[in-house]
1. When you scan segment 108-118, how many residues do you find that are surrounded by 13 or more Cβ atoms within 10 Å (Cβ to Cβ) and hydrophobic (A, V, I, L, M, F, W, C)?
2. Among the residues of segment 160-172, count how many are out of contact with any helix residue (DSSP H, G or I) (no Cβ under 9 Å at 6 or more places or on another chain) and under 16 Å from ALA126 (Cα atoms).
3. Please specify each residue of segment 85-99 satisfying the condition of being among the basic types (Lys, Arg) and either outside any loop (DSSP other than H, G, I, E, B) or at pLDDT 75 or above (or both).
4. State which residue is surrounded by the fewest Cβ atoms within 10 Å (Cβ to Cβ) when the search covers only segment 142-179 and only residues that are small (Gly, Ala, Ser) and at pLDDT 90 or above.
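The values are calculated or read from the model by the stated rules, or taken from the named source; none is laboratory data. The structure presented is a predicted model; accordingly, all values stated were derived computationally and were not measured. Note that each Cβ is placed from the backbone with ideal geometry, even for glycine, and that neighbours are counted across all protein chains shown.
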Amino acid sequence: MRLELNHVAPAGQGSRYQAGLTVAAVVALLCGWQLMNMRAERMDIEQKLQQIQEARKPVQVAAIQPQALSAVQKAEIKEANGILDELGRPWPALLNRLEQVAQPEIALLAIRPDAAKGKLRLKGEAKDIASLLAYLQRLEGVPEMHDVVLDEHEMMERPEGGGMAHFIRFGITARWGAV
């Protein structure tokens, strides 16, 4: 038995190993580069998340002492509260109620709410006195309306179809809101 040790690779086999090592090195470099890009992207996302979380934290507001406010500031606060109160009123509900009691013989020309006083002023025209009185009764039947009062009325005429049409111009005041 004869043992032969030949540590020299046969011709052509070394270039295959070198090509394989080169490809493996390139793949390893690409994977490393991709890993670095993903880590940088992760850091950016974590930083943005931290900023968003800090922005969502409740802000501590120091209570303003009333005596520290000037008269002008107090007046501005009172005016702002009045506006907020007016905006907080149920205006869609009011308009829906007025539409529910509407009649073809009545034409509303103006609706003037006064949120601070909880009052409502209606101006309009009625075909005749019976229609106007029926409209007043319908308004009084609305649960949110109180103290419905016919403040003014005036008989009017206008030319219509070769003659004169008669109608009544009126003004109504009512309180709007819960009792």
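1. Looking only at that region, the number is 3.
2. Of the residues in segment 160-172, 7 are out of contact with any helix residue (DSSP H, G or I) (no Cβ under 9 Å at 6 or more places or on another chain) and under 16 Å from ALA126 (Cα atoms).
3. Matches in segment 85-99: ARG97 only.
4. Looking at residues that are small (Gly, Ala, Ser) and at pLDDT 90 or above, I get GLY171.
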